[in-house]
Amino acid sequence: MRLPVYLDYHATTPVDPRVLAAMLPFFSEEFGNAASRTHVFGWRSAAAGDAARAQVAEIIGARSPEEIVFTSGATESVNLALKGVASAHRSRGDHIVTVATEHRAVLDTCRRLQKEGFRVTYLPVDPNGMIALDGLHAAITNRTLLVSVMAANNEVGTLALLAQIARIARERGAVFHTDATQAVGKVPMNVQAMGVDLLSFSAPKMCGPKGIGALYVRHGIEIAPQMDGGGHEFGLRSGTLNVPAIVGFGAACELCRQEMAAESDRVRRLRDRLHQALAAGLDGVTLHGHPTERLPGNLNLSFAGAQAETVMAMLKDVAVSSASACATASVEPSHVLRAMGVKRSLAHCSIRFGLGRFTTEEEIDYAARCVIEVVQQVRAMSPMDQLAAVAARSC
Ligand SMILES: *Cc1c(COP(=O)(O)O)cnc(C)c1O
């Protein structure tokens with residue numbers, strides 16, 4: 001077992017060696033510009049890009065590969081979706097509906113649009129992190145251009161009732177976008193069956209390379225490009241295609257498609273094993289997020305009386321994360337947990353465990369032992385000693 005144990009799969013994932021092998025020829029041998037139409041170098045890169053586009057389309061059930069626009073990642077996809085709809089449809093309305101627990105890619109883009117005169121409604125969530133469908137219905141007006149609801153929450157793993165949410169949005173005449181970055185490749189996603197118009201996701205969350213993502217744009221949905229140039233990607237995102245990364249993204253999607261069912265069973269079992277070990281070894285353990293409708297690899301727990309920042313500073317051999325620690329200099333607790341009604345003091349004690357493809361049972365048992373020991377130590381420490389521990393390992 002290699003230390004430290006990596007349990008932060010929501011932040012990023014290792015590139016699968018099979019993905020890396022697929023990418024390697026496209027750096028030095030097959031280096032052509034996919035937009036070069038006049039020679040074989042370009043043709044080969046274009047063919048590799050087309051094959052990957054089909055693989056990426058397939059994992060989300062898109063009708064056609066031409067509905068996939070490659071971007072630099074989910075952040076860019078979200079920006080293109082939200083700003084693209086807002087600017088293309090401004091004459092029809094000025095209102096956007098989203099959720100308080102979204103990723104900052106969505107929240108910060110909405111803030112930007114508010115500065116430009118759009119109105120944004122941030123729907124509240126229940127203690128499990130779910131929105132109320134009647135609340136969504138009531139929030140949509142005839143000025144609403146867009147509804148954006150994430151498929152799976154990156155902190156607590158809660159899965160949204162996506163098909164029902166999409167139906168309500170589209171019945172009321174709004175375009176429906178979902179940030180599905182944590183969901184694609186982990187739980188079944190089908191844009192046609194679910195009625196999704198726009199979907200953002202990226203490779204680094206699914207054992208693919210960093211810096212590559214996609215926006216699914218349903219045929220017939222009009223969005224305005226946010227990047228002008230050579231007219232690549234059907235005019236929606238100009239710039240030379242990153243062919244090695246696109247090939248890697250395609251391979252990552254293909255592996256997820258083939259292995260998702262078995263992998264999610266295995267990962268869910270390990271997640272439940274970790275949860276059981278921690279609940280058996282410690283008092284005052286609270287699960288955040290939905291008890292059943294959640295990502296298989298997500299476990300978000302608070303250990304009452306043990307500040308996450310101190311626990312993580314002392315947990316040298318296990319890499320986990322907490323939304324409350326070091327996110328900002330002021331150490332605000334997670335906006336997700338606060339929106340779910342978790343008390344500020346408990347939110348500061350929340351740790352997110354993210355499991356994935358390469359997590360082993362041995363790692364889980366080791367991590368559980370380390371966490372139990374450290375939480376017990378932290379609970380016994382004076383506040384001064386806790387401050388010193390954090391300072392000694394400043395994040
Ligand atoms: C990681 C993540 C993003 C950002 O993805 P990038 O590819 O790093 O831009 C957006 N939304 C969610 C839910 C995420 O987990």
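Results, tabulated for the structure shown:
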quantity: Which listed residue, of Ile246, Ile221, is more than 16 Å from the ligand (Cβ to nearest atom) and over 30 Å from Arg369 (Cα atoms); calculated: Ile221
quantity: Positions within segment 344-373 being touching a Leu at 6+ places or on another chain (Cβ under 7 Å), in contact (Cβ under 8 Å) with a residue 60 or more places away in the chain, crowded, with 24+ Cβ neighbours inside 10 Å and not polar (S, T, N, Q), in sequence order; calculated: Phe353, Gly354, Leu355, Ala367, Val371
quantity: Test result for Ala252, small (Gly, Ala, Ser) and surrounded by 23 or more Cβ atoms within 10 Å (Cβ to Cβ); calculated: yes
quantity: Residue identified as in contact with a Phe, Trp or Tyr (Cβ under 8 Å, 6 or more places away or on another chain), surrounded by 13 or more Cβ atoms within 10 Å (Cβ to Cβ) and not in a helix (DSSP H, G or I) among Leu299, Leu287; calculated: Leu299
quantity: Residues (of a type in the set (A, V, I, L, M) and at pLDDT 95 or above) located in segment 1-33; calculated: Leu3, Val5, Leu7, Ala11, Val15, Val19, Leu20, Ala21, Ala22, Met23, Leu24
quantity: Helices (runs of 4 or more DSSP H) lying entirely in segment 1-74 (those with 1 or more residues that are within 16 Å of Ala252 (Cβ to Cβ) and open to solvent by 50 Å² or more (accessible area, probe 1.4 Å)); calculated: 17-23, 40-59
quantity: Criterion violated by Val97 - all others in (1) surrounded by 24 or more Cβ atoms within 10 Å (Cβ to Cβ); (2) within 15 Å of the ligand (Cβ to nearest atom) satisfied; calculated: (2)
quantity: Residue within segment 57-73 that is more than 21 Å from the chain's Cα centre (by Cα) and either free of Cβ contacts under 8 Å to residues at least 60 places away in the same chain or within 16 Å of the ligand (Cβ to nearest atom) (or both) present; calculated: yes
quantity: Qualifying residue in segment 40-56 (condition: within 19 Å of the chain's Cα centre (by Cα) and aliphatic (A, V, I, L, M)); calculated: yes
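The values are calculated or read from the model by the stated rules, or taken from the named source; none is laboratory data. Predicted model, so just to flag it, every value in this text is computed and none were measured. Neighbour counts are summed over all protein chains in view; Cβ atoms, including those assigned to glycine, are modelled from backbone coordinates with ideal geometry. Accessible surface areas use protein heavy atoms only, side chains included; no ligands, DNA or RNA. Shrake-Rupley method; radii C 1.70, N 1.55, O 1.52, S 1.80 Å.
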